[in-house]
Structure formats: structure tokens, C-alpha cells
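Remarks on the structure that follows.
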Amino acid sequence: MITNTKEVSVLNTLIATLLDSVDGYQKSAGDVDNSALAEKFNSRARERQSTVTKLQAAVAAAGGNPEDDGTLLGGAHRVFQSLKEAVMSRDDKAIVSEIERGEDYLKGKFETALAETELSPTGRAAVEEAWQSVRAGHDEMSALKHSMGA
């Protein structure tokens, strides 16, 4: 099988960033005081993990080795470091605000991937399906942030 290295790279970048998102949601769920927020964050973490699993299958189908760890490099590190600081403050509004910043970062990663011209039809379909889930999460966290006045 011939490996589409560009596609594997694009998909693995998304996987690593999504794994960072899963971790951020799980940590935030344990640190908010509001049980409804905690459940919302846990639900989003489960949904993101499901998206990761689907993208990992797409990497394997493209002949690559799927990423199984987050990155915490560069921009992702800065976003999630800010989230860590918000979590340490145990301020629900600050946590939601930082999660929404992380969602903006993730949205940018997906927009870049969707603009990639070297994806196979199968790879593009995997990114588009994952994007639907990511966009819904982004919109949900953005609405939550604005409803809290954060």
C-alpha cells in the first residue's frame, strides 16, 4: 500500500490537537464548581475522543501510523497553558473563556486542513465529518461563554 504522507501528516496534526482538547475538557470538568458545566465538558471530551478514533482509522486507511498523543507544542501549548491557569483559579467564567479560545485554535487547524489540496476523497471526507463535530463544539462553547458574560 502506498502511503499518502501529506494526508497522514494533516490528519495526525488534527488528531494531536483533538487529543489536547480531550485533555483540556477532562481537566476542566474536574475543576469547575457547576455540575452542569462539568457534565457538558465530560460530554464534549467523549465526543472529541470519538472523533479522534475516526481520524485514527482514516490515518491507518491512508497507510500511516495514527497519532496517539497530544502535541502541547507552539500555539496549542499556549492555549492550553492559559486553560491550566484558568482552571487553577477555579473561576468557571475564566475556564469557559479559555476553553472557547482553545476551540478557536482548533477551528483554525480544521480550516487549514480543509484548504489542503492533497487530501484523497476519503481523507477529505474524514476531515469534513470531524469538522462538523468540532464546529458544533466551537459554537456551543462560544454561546456558553457569551451567556455567562465571559
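Tabulated data for the structure shown
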read-out: Nitroxide proxy distance, nm - points 7 Å out along Cα→Cβ at Asp91 and Thr3; value: 4.6 nm
read-out: Stretch gain in nm, segment Thr53-Glu116, where the contour uses 0.36 nm per residue and the Cα spacing is subtracted; value: 20.6 nm
read-out: Lysines with Cα under 24 Å of Lys40, excluding same-chain neighbours fewer than 8 positions away; value: Lys27, Lys54, Lys84, Lys93, Lys107, Lys109, Lys145
read-out: Debye log10 I(q)/I(0) for the stretch 107-149, one point scatterer per Cα, at q = 0.21 Å⁻¹; value: -0.67
read-out: Per-residue Cβ neighbour rank within 10 angstrom, fewest leading, Thr117, Thr3; value: Thr117, Thr3
read-out: In order through the stretch 12-28: 3J(HN,Hα) via Karplus (6.51 cos²θ - 1.76 cosθ + 1.60), integer Hz, x for Gly, Pro; value: 5, 4, 5, 4, 4, 5, 5, 5, 4, 5, 4, 4, x, 5, 5, 5, 5
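We did not get these values from a lab; they are worked out from the coordinates using the rules stated. No experiment lies behind these values; they were computed from the predicted model shown. Positions of Cβ are backbone-derived with ideal geometry, glycine not excepted, and every protein chain shown enters the neighbour counts.
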